[in-house]
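Worksheet: one structure, shown below.
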Amino acid sequence: MRDPRSLGFNKLAALGALAVCGGLFLILVALFVVLHPYPRGGMDGTHYALTLMAFTGLLGAIIAVHLAFAHQLWYARPEASTRR
């Protein structure tokens, strides 16, 4: 594994954007588990499915934007960040 100090600012920012994607995915998985319908109460299966579709759409869009930012940052020219 490479030393993080040798990567440069752009590549470290890209890795941070990828970490945000992983964290948002874990939040989505936690929502799938926590909002699960129970037989004695809570929401029914239809509302569960609609709620998960809404959260998946929102978090999926945020993840897609972070993946696009990570791609742009990873393949950016190194001198672009130091130019004034």
- Gained length - Q72 relative to R40, 0.36 nm times residue gap less alpha-carbon distance: 6.7 nm
- Message: Could you sort the peptides 19-26, 44-51 by per-residue average Cβ neighbour count (10 Å cutoff), highest mean leading?
- Response: 19-26, 44-51
- Query: Can you pull the percent of the chain's accessible area that's carbon plus sulfur, 1.4 Å probe, other chains left in place?
  - Reply: 71 percent
- Message: List the residues, sorted by chain then number, that are 5 or more residues from A76 or on another chain and whose placed amide H is less than 5 Å from its amide H.
- Response: none
- Task: May I ask for the angle, rounded to the nearest 10°, between helix 45-74 and the longest principal axis of the chain, with both axes built from Cα atoms and the value confined to 0 to 90°?
- Result: 0 degrees
- Query: What list of ³J(HN,Hα) values in whole Hz, one per residue of the range 24-33 in order, does the Karplus curve 6.51 cos²θ - 1.76 cosθ + 1.60 (θ = phi - 60°) give from phi, with Gly and Pro shown as x?
  - Reply: 5, 5, 5, 5, 5, 5, 4, 5, 4, 6
- Message: If amide hydrogens are placed 1.01 Å from N in the peptide plane, which non-local residues have theirs closer than 5 Å to the one on M43?
- Response: Y38
- Task: Identify which of the listed values of Cα extents along the principal axes in Å was calculated from the structure shown: [x] 35, 24, 18; [y] 66, 25, 18; [z] 61, 24, 17.
- Result: [z]
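The values are calculated or read from the model by the stated rules, or taken from the named source; none is laboratory data. Computed from a prediction, not measured in an experiment: that's the story for all the values here. Here the Cβ is made from the backbone with ideal geometry for all residues, glycine too, and neighbour counts use every protein chain on show. These accessible areas exclude ligands, DNA and RNA; they are computed on the full protein's heavy atoms, side chains included. Shrake-Rupley method; radii C 1.70, N 1.55, O 1.52, S 1.80 Å.
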